[in-house]
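J.: Sharing a structure below in structure tokens format, with a few things to ask.
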Amino acid sequence: MEAGTATTTRRAVPYIGAARRRWGEDLIKGILFLAALISVLTTTGIVISLLRETVVFFQSVGLGDYLIGTKWTPTFQPASFGVLPLLVGTFLITGIAMVVAVPLGIGSAIYLSEYARPRVRRTIKPILELLAGVPTIVFGYFALTYFTPNILQDILHLRVDVFNALSAGIIMGFMIVPTVASISEDALTAVPQSLREGAFALGASRLQVSLRVVFPAALSGVVASVVLGVSRAVGETMIVLVAAGQIASMSADPRGPHYTITSFIGAIAKGDIPTGSVEYKTIFALGMTLFLITLAMNLISIRFVRKYRQVYE
Amino acid sequence: MRMLLAFAAVGVLALGAAACGSDDNSNGGGGGNSNLSGTIKIDGSSTVGPFAQAAAEKFQGENPNVKVTVGTSGTGGGFEKFCAGETDISDASRPIKPDEEAPVCKKKGITYQQVQVANDGIAVTTNKDLTVDCLTVAQLKKLWNKGSKVKSLSEVKSGLPSTKLSLYGPGTDSGTFDFFTEKINGEEGVSRTDYQPSEDDNVLVQGIEGSGGGLGYFGFSYYEGNASKLNLVGVDDGSGCVKPTAADIQSGKYKPLSRPLFMYPSEKALARPEVKAFMRYVVENYQGIAKDAQIVPMTSSQVADAKKELGQGEAKAS
Amino acid sequence: MLLLGVLLVDVVRDGIGQLSFDFLTSFSSINAKQAGIEAALTGTIWLMAVCAAFIVPVGVATAIYLEEYADNDRWWNRLIEVNIQNLAAVPSIVYGILGLAFLVRGPLSLGNVVLAGGLTLGLLVLPVVIIAGREAIRAVPASIREGSLALGATKWQTIWRQVLPASIPGIATGVILALSRAIGETAPLIVVGAATFLAFNPSGLDSSFTALPIQIFDWISRPSNDINNYKPLAAGGILVLMILLMAMNSIAIWLRNRYEQKW
């Protein structure tokens, strides 16, 4: 049994010579513990910094106005702080992205785990890893300078603005494919061979085996990968900032520009914000909203995996 | 795999050699004054931004040990930082507001000198497919005023195209915004809000260029650089339709949207030799800098005034 | 897959003409023909150095603690573990906000400088190093530890002399992966305030800076006009960034292959 698979059982290493306990050992343990605390401090820091300014923000802006208001114009007179347009933009683009990422990602995963020969697998997996490592600004560049003018406007003849949600959404979908594909593929390959063999023995075709036997068995992992993909899409900034424009609009038309929560923060921050100003407070309130949304999704994803995981042998 | 590795290694070595081995290489090259050193922080209007950037480049070419950073947070944003003591020079496409901004500076003990550095007009432009030749001030007001629901040019004047408009304009931190709203809508800050705002004029140009119904306003210099891709709209303030040109802006014939551009060095900064040298450089070399930045330069009488203003500032500083 | 190919071809086509020694050694300029990425490149290198200096000791120490010392029954240790998992999924722009609030302004008030940027990136990618480090340490079999202890070594000596050296390749791979993620991050740097127009190399930890992704972003935002065409500059910058990334990934893969130990 490889040591690498020992995830839940860690053998306690017997400590011989307990009598001669040097104080140095405790000191070292203490230092290491402090290092580990840094990660906790980071989370605390994030929560505190967001919370503090968010509270100040909501002292002047009503929570109701924020949550159900439909106009987001924080810098104009009179200012309006309804976050709905930003949420519409965020979920519109995320939706488009998932329409692209889910079929492509799960499809690739099924192909890689059920159909592909080992050699094909060995070449495609590194390519997926490479795609996963491309900085998001490169995707943004591609969306703005190539996808929108050449594909959407010239080839498909869609009447889109140069900054539009459709282009950003589709390209974001491609960016998320590796996440969905690799986690789904892990889930699919974890399904024991015996299940497949049993189904084959009963006369099922490869397609039937993949879709009716293996896929349902790995469902929890696949769903987790999709939720993680959504979480990534919601939190993504650069693709939207570069390619999706800067209007906070309630319309669901993807051919025009849309602010998302992330691109608004980025656009405001680009101008560099003086401490204590209206803009400064809005980025914290928005950051808090974003943090809560992605936190919720991650917890759901973890829950899902734990609850529905079928344990084999 | 080996090939990839070798290629990667060569790439990294090349980059490393390039990055490490040329720290003293700069655009201007040549000798120049190496006695001046320090950092100069400039921020403010994105209309003045290119001018400041061009000035910074040229100045650094002659004074390689001086580091200049130029931000473009908008005239308003720039003044906020300036009056908080965070920047040395504030770029502005309108004078500092005497009732809102100047008192903040005064409270913090920041004194400054206003120096004109260039001229600018606000150009109203549309996408090449949206043909309109001229708009009166009243029509512009109908389009841009607060609460306006105008969706197409045909609502402003019959006979104009009925294409749905995609509006672009500066954000509320921009001096261009303040100036345009004051001159067109009658009061600073009064404007409709359903347009794409950005302090970055580049984004506006890109947007108008690429959208069939694109219409917007921004600094003339940004139009000049992109003339072949945009349609310039003339403005009629009652004395005839005028399309902005550099000459018309300098002479003030392009009304009401012509304006001077300023740099505001703080007295505290002017006391430093590198800042003093920089401002001197700007007023001496204004032609070359303006040309590089594609901005309308000052007239000779404006230059004389600018030098006087700078002289006053220097006197106050020392 | 196809899309990646198209993307690459497009970028290469636009950018390849741009790559030259001058490009690497010139600073950004209004004049597109003269512009280069030297300031951005050196800025990126400085940032990576600060980032690495932070994540290596902290990440490795945390990994050692969690694998060797932490008793899983204590609630605070479980909290740390859950915490790290959550941190790995927080959007990068939130880290930028964190950096702005605590490092640039707030308690530390470092300003928009290299140190603040590097630390912000470090916090962002720290979970990558911790997770990779844990895997590497965990892979060292118990027999090695037991043998060392049987010979009378203390726990720390065992870790320092036996376990760590054996897990260095895994840790190194993790560090490289973390850095290759950090190198391409734009959003947090925007919020932390990397200036967009800069024509000098950073002079120290307390200097203003710019970085490759920021410079690329700046060039993308400028419309190309009759006089200055910025699109090839952006493409050139992207090419440089991708070359750096590929180099780093190749080193990581090579490390993994060369030192993969079969226990």
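Only the coordinates and a few stated rules stand behind these numbers; no lab work does. Keep in mind that this is a model prediction, so the values were computed, not measured. Heads up, the Cβs are rebuilt from the backbone with ideal geometry, glycines too, and the neighbour counts pull from every protein chain shown.
J.: Which one, B:Pro256, B:Leu165, B:Thr193, projects farthest toward the positive side of the charge dipole computed for region B:120-258 from Cβ point charges (K/R +1, D/E -1)?
T.: Looking along the dipole axis, the top candidate is B:Leu165.
J.: Under a straight-distance cross-link criterion of Cα-Cα below 16 Å, which lysines are reachable from A:Lys29, leaving out those fewer than 8 residues away in the same chain?
T.: Partners found: C:Lys155.
J.: Hey, what do the phi angles of region A:102-115 turn into as Karplus ³J(HN,Hα) couplings, whole Hz, using 6.51/-1.76/1.60 and θ = phi - 60°, x for Gly and Pro?
T.: Along region A:102-115, the couplings run 5, x, 5, x, 5, x, 4, 4, 4, 4, 5, 8, 9, 10 Hz.
J.: Looking at this model, which pairs from B:Lys67/B:Lys276; B:Lys142/B:Lys183; B:Lys106/B:Lys183; B:Lys41/B:Lys308; B:Lys81/B:Lys106 are more than 18 angstrom apart at the alpha-carbon?
T.: In this structure, B:Lys106/B:Lys183; B:Lys41/B:Lys308 lie more than 18 Å apart at Cα.
J.: What order do you get for B:259-271, A:33-45 when each peptide is scored by the mean count of other beta carbon atoms within 10 Å, highest first?
T.: Averaged packing, sorted descending, gives the order B:259-271, A:33-45.
J.: Using alpha-carbon pairs under 8 Å, 6+ residues apart, how would you state the relative contact order of region B:120-258 in percent?
T.: Relative contact order, region B:120-258: 38 percent.
J.: Now for a different question. Modelling each spin label as a point 7 Å along the Cα-to-Cβ direction, I'd like the C:Trp160/A:Ile124 distance in nm, to one decimal.
T.: Going by the 7 Å Cα→Cβ label model, 4.9 nm.
J.: Evaluate the charge dipole of the protein assembly as shown about its Cα centre and quote only its size in Debye, nearest 20, assuming +1 on the Cβ of each Lys and Arg and -1 on the Cβ of each Asp and Glu.
T.: I would put it at about 2240 debye.
J.: With just the Cα atoms defining each centre, how far is region A:226-265 from region B:160-220? Give it in Å.
T.: Answer, in whole Å: 22.
J.: In nanometres, what is the gap between the two model label sites at C:Ala150 and A:Val99, each 7 Å from Cα along Cα-to-Cβ?
T.: Going by the 7 Å Cα→Cβ label model, 6.5 nm.
J.: Taking 0.36 nm per residue of separation and subtracting the Cα-Cα distance, what length does fully extending B:Ser162 through B:Lys149 add?
T.: Net length gain for the segment: 3.3 nm.
J.: A further question follows. Just to confirm my numbers, what's the Cα centroid distance between region B:79-98 and region C:158-224 in Å?
T.: 32 Å
J.: State whether chain A is rounded, prolate or oblate according to the following rule on the C-alpha gyration tensor (a ≥ b ≥ c being the square roots of its eigenvalues): a/c under 1.5 gives rounded; otherwise a/b larger than b/c gives prolate, and the remaining case gives oblate.
T.: oblate
J.: Counting other C-beta atoms within 10 Å, which of C:Trp219, C:Trp76 has the fewest, and how do the rest follow?
T.: C:Trp76, C:Trp219
J.: Just to confirm a number: summing +1 for Lys and Arg and -1 for Asp and Glu over residues other than A:Arg255 whose beta-carbon lies under 10 angstrom from that of A:Arg255, what do you get?
T.: Summing Lys and Arg as +1 and Asp and Glu as -1 gives -1.
J.: Can you list residues from other chains, or at least 5 along the same chain, whose modelled amide H is less than 5 Å from the amide H of B:Val124?
T.: It is B:Val233, by chain and number.
J.: Arrange the following residues from fewest to most other Cβ atoms within 10 Å of their Cβ: A:Ser220, B:Ser239, A:Ser277, A:Ser49.
T.: B:Ser239, A:Ser277, A:Ser220, A:Ser49
J.: What residue among A:Val209, A:Phe264, A:Leu86 has its Cα farthest toward the positive end of the dipole of region A:80-308, where the charges are +1 on Lys, Arg and -1 on Asp, Glu, each on the Cβ?
T.: Of the options given, the answer is A:Val209.
J.: Now, a different point. What aspartates and glutamates could a cross-link reach from B:Lys253, if we take a straight Cα to Cα line under 17 Å and drop same-chain neighbours fewer than 8 places away?
T.: Partners found: B:Asp120, B:Asp236, B:Asp237.
J.: Which one, B:Met298, B:Gly109, C:Pro223, is farthest towards the positive end of the dipole of the protein assembly as shown when Lys and Arg carry +1 and Asp and Glu -1 on their Cβ?
T.: C:Pro223
J.: Report, in debye and to the nearest 20, how large the dipole of region B:120-258 comes out about its Cα centre when Lys and Arg carry +1 and Asp and Glu carry -1 on their Cβ.
T.: 600 debye
J.: Can you pull the one-decimal nm distance between simple spin-label points at A:Leu84 and B:Asp133, each 7 Å off the Cα toward Cβ?
T.: Calculated label separation equals 4.5 nm.
J.: What FRET efficiency, computed as 1/(1 + (r/R0)^6) with R0 = 22 Å and r the Cβ-Cβ distance, is obtained for B:Ala227 and B:Gln287, rounded to the nearest 0.05?
T.: 0.60
J.: Excluding residues on the same chain fewer than 8 positions from B:Lys229, give the aspartates and glutamates whose Cα lies under 17 Å from its Cα.
T.: Of all the aspartates and glutamates, those that pass the test against B:Lys229 - Cα under 17 Å, at least 8 places apart if same chain - are A:Asp161, B:Asp129, B:Asp133, B:Asp201, B:Glu209, C:Asp226.
J.: What is the magnitude of the charge dipole of region A:80-308 about its Cα centre, with +1 placed on the Cβ of each Lys and Arg, -1 on the Cβ of each Asp and Glu, and no other charges, expressed in debye to the nearest 20?
T.: 700 debye
J.: Determine, from the Cβ-Cβ distance of B:Lys316 and B:Glu187 and an R0 of 45 Å, the FRET efficiency 1/(1 + (r/R0)^6), rounded to the nearest 0.05.
T.: In this case the efficiency is close to 0.85.
J.: So, one more: Report the antiparallel proportion of the DSSP beta bridges in chain B as a percent, rounded to a multiple of 5.
T.: 60 percent
J.: Let me ask you something else. Taking the DSSP beta bridges in the protein assembly as shown as the whole, what percent of them are antiparallel, to the nearest 5?
T.: Given both bridge residues lie in the protein assembly as shown, the antiparallel proportion sits at roughly 65 percent.
J.: Mind running the shape call on chain B? Use the C-alpha gyration tensor, a ≥ b ≥ c as the square roots of the eigenvalues: rounded below 1.5 for a/c, prolate if a/b tops b/c, oblate otherwise.
T.: Oblate is the answer for chain B, as a/c is 1.5 or above yet b/c matches or exceeds a/b.
J.: Output the pairs from B:Lys107/B:Lys243; B:Lys291/C:Lys231; B:Lys97/C:Lys231 with a Cα-Cα distance over 32 Å in this structure; if there are none, say none.
T.: Pairs exceeding 32 Å: B:Lys107/B:Lys243; B:Lys97/C:Lys231.
J.: Determine the shape class of region B:120-258: with a ≥ b ≥ c the square roots of the Cα gyration tensor eigenvalues, call it rounded for a/c under 1.5, and otherwise prolate if a/b is greater than b/c, oblate otherwise.
T.: Judged from the Cα gyration tensor, region B:120-258 comes out rounded (a/c under 1.5).
J.: With just the Cα atoms defining each centre, how far is region B:255-294 from region A:144-215? Give it in Å.
T.: Their Cα centres are 55 Å away from one another.
J.: How do A:His157, A:His258 rank when sorted from fewest to most other Cβ atoms within 10 Å of their own Cβ?
T.: Ordered by Cβ neighbours within 10 Å, fewest first: A:His157, A:His258.
J.: Helix-only mean residue ellipticity at 222 nm, chain A, DSSP H runs n ≥ 4 weighted -39,500 (n - 2.57), per residue, nearest 500. What is it?
T.: -21000 deg cm²/dmol
J.: Can I ask one more? Of all DSSP beta bridges located in region B:120-258, what percent are antiparallel, nearest 5?
T.: Of the beta bridges lying entirely in region B:120-258, close to 60 percent run antiparallel.
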